[in-house]
Amino acid sequence: MELIQQLKQLGYTEYEAKAYIALITQNPATAYQVSKVSGIPRARVYDTLNTLVEKGLVMKEETPDQSLYTPIPVAV
């Protein structure tokens, strides 16, 4: 995918790029949904999403039942 390569050129890992693209298509999404859509192993998806939150590319909303992740719009 060209978008994955562009994100990698900006310094993101392949998992980070895949997670962000998955969030764009499944907005908002749980970590499980991101794992399912992106192909990132569930054991790695939580770390990947938390890294994207730290980098400011994704917002995390915690509810009593689950955490939802929302991507910052591509235009930003």
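List of remarks:
- Rg and Dmax, both from the Cα atoms of the chain and both in Å, are 11.3, 37.
- Rolling a 1.4 angstrom probe over the chain with all protein chains present gives an accessible area of which 50% lies on carbon and sulfur atoms.
- Degrees, to the nearest 10: 42-54 long Cα axis against longest axis of the chain: 80
- Ser67 sits among other residues whose Cβ lies under 13 Å from its own Cβ, and their net charge, with Lys and Arg +1 and Asp and Glu -1, is -2.
- Per DSSP, loop trypsin sites (Lys or Arg not before Pro) in the chain with at most 13 further Cβ within 10 Å: Lys55
- Near Ala19, once Lys and Arg are set to +1 and Asp and Glu to -1 for all other residues with Cβ below 15 Å from its Cβ, the sum equals +3.
- For the chain, the per residue solvent-accessible surface stands at 64 Å², with DNA, RNA and ligands left out and a 1.4 Å probe.
The values are calculated or read from the model by the stated rules, or taken from the named source; none is laboratory data. Computed from a prediction, not measured in an experiment: that's the story for all the values here. Backbone-built Cβ (ideal geometry, glycine too); neighbour counts: all protein chains shown. For accessibility, only protein heavy atoms count, side chains too; no ligands or nucleic acids. Shrake-Rupley method; radii C 1.70, N 1.55, O 1.52, S 1.80 Å.
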